[in-house]
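Asks: Got a structure for you, questions after.
The values are calculated or read from the model by the stated rules, or taken from the named source; none is laboratory data. What you are looking at is a predicted structure, and each value in this text was computed from that prediction instead of being measured. Quick reminder, even Gly has a Cβ in these numbers, built from the backbone with ideal geometry, and neighbours come from all protein chains shown. Ligands, DNA and RNA are stripped out before the accessible areas are found, and what is left, the full protein with its side chains, is counted by its heavy atoms. Shrake-Rupley method; radii C 1.70, N 1.55, O 1.52, S 1.80 Å.
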Amino acid sequence: MTVLEPRDADVTDAASDLVDECRGGVLGRSYRALSVGIVSVVLLIAFEATAVGTALPVAARELDGVGLYAFAFSGYFTTSLFGMVSAGQWSDRRGPLGPLTAGIGAFAAGLLVAGTAQVMWVFILGRAVQGLGGGLVIVALYVVIGRAYPERLRPAIVAAFAASWVVPSVVGPLAAGAVTEQLGWRWVFIGIPVLVVFPLALALPQIRRRAAGPVSEGGQRPPGSPRSFDRRRIRLALGISLGAGLFQYAAQDLRWFSLVPAAAGVALLVPAVLGLLPRGTYRAARGLPSVVLLRGLGAGAFISAESFVPLMLVTQRGLSPTLAGFSLAAGGGTWALGSWVQARARVEPYRERLMTFGMVLVAGAIAAAPSVLIHTVPVWIVAVAWGFGCFGMGLVMSSTSVLLLQLSAPEEAGTNSAALQISDGLSNVVLLSVGGAAFGALGGGTVGHVVGSAGTGASHPAAFAAVFLPMAGVALVGAWVTTRVRAASRVVPL
């Protein structure tokens, strides 16, 4: 044995420091403030997302804007896509601190604009500003995870993000309903910005210390690293935002004239998607492209199907809107449980198998849900099936985030995180729009009616089957894609 040279000693000391930091986990002394701060940001966003559905119908009626109801959702979505692309470039070039603080500021400003609006168009503008902020925040947070946490701790912090949605998914609608009834709908929007101060005070100093600035090699910018924003990607971001808005608008208004905005939306979406997602995503190329594609297939199929569950239970089985909503409540806990399972170090070698199992559970849950259209089938079957489906989603969604960071070079983490979120969000609106159009064509109503209300008007059972069964098929395609999320191993010739 030889004595360690100074350079070897430095490496050993650094490794020892890293082990000491990791030993306490994401809530250890080294990471506690950062973890609590960024999880609190996600918690507040989750509360807003789950509460807005309760307050928005009242706001639309008071502002005489029921006819513009759907734009309150689509306005948020379209600007969030632009925010995701911008945050990816901003984070890669200058670090995640800027887009994170700007995103939180825009999110809070949008809440204030919406909460003080006197007309519906101003309310929609506030929602659009919120969406821009939300898109900036979610991508920047993933870049923070990639830079500030060692690979061993990333599954745990991703699981914490998933767990932070559990309480809001159960308490958010109830709290928003109580606030709306006692104080008015405006306080659902105005009250949240005040709560942003606490997580900012905790997280920002840690982010500035651990993740601020561009990725560097020996203090220098990596060779070939761009200094300014890619104008082409910004144009593509505008295209994908506008295209998604047009496509969603066309699906909400099923007339021959709607073919014009639908065609325009597709014409904008196709080149934008090809330009913003990793090359080979559409054909499930191995590695990163399949991870991004899987995120879209899983999220789009599940969320689109979930949007129709309460309406099906209300219109076909006579449940109250409250009971129909509670049929999905247990899913928040099982989703968090699935995310916790994938975070265990001992399951890391089996991650791909877990993801395949998860997507099979998702497909089974979606396929089982319309069984309640047969009146001899008990309605609790939906709650049980959805609990298993959410467990599968916890396994898959958190794993895609972990794999994305593993497969991304540090200077590309922002761009790739943006691609993951774009795949997630865009698939939601496309599959929901397509499913909603099929639902409406078979006598179920329009997308705006489905998403915006729990009305009790009659809908033909076949309309629900036309949504759930194709979405189950999409989930099965996702199960196949899980077999391609690892890059092919290189065979070195002897």
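Asks: Given the Cα-Cα distance of A201 and L469 and 0.36 nm per residue of separation, how much length would full extension add, in nm?
Replies: Gain on extension, A201 to L469, equals 91.8 nm.
Asks: Then there's this: Enter the accessible area of E412 (Å², nearest 10), with the probe set to 1.4 Å and all protein chains included.
Replies: 90 Å²
Asks: At 1.4 Å probe size, with every protein chain present, just tell me what the per residue accessible area of the stretch 75-177 comes to in Å².
Replies: Result: 29 Å² per residue.
Asks: Could you state how much accessible area D230 has, in square angstrom rounded to the nearest 10, with a 1.4 Å probe and all protein chains kept in place?
Replies: Using a 1.4 Å probe on the heavy atoms, I get roughly 60 Å².
Asks: Keeping all protein chains in position, work out how much accessible area R351 exposes to a 1.4 Å probe, and write it in Å² to the nearest 10.
Replies: Taking all protein chains as shown, R351 has close to 0 Å².
Asks: Expressed as a whole number of Å, what is the distance separating the alpha-carbon centroids of the stretch 134-213 and the stretch 297-352?
Replies: So the separation of the two Cα centres works out to 20 Å.
Asks: Which order do F257, F464 take by accessible area at a 1.4 Å probe, largest first?
Replies: F257, F464
Asks: Still on this structure, I have one more. What ranking do 237-247, 291-301 get when scored by the average of other Cβ atoms within 10 Å per residue, highest first?
Replies: Highest to lowest by the protection proxy: 291-301, 237-247.
Asks: Quick one: length gained pulling A345 to Y282 fully straight, 0.36 nm per residue minus the C-alpha distance?
Replies: 19.6 nm
Asks: Quick one: order F391, F308 from most to least accessible surface, probe 1.4 Å.
Replies: Result, largest first: F391, F308.
Asks: Which FRET efficiency, nearest 0.05, do A264 and R94 yield, Cβ-Cβ r, R0 25 Å?
Replies: 0.15
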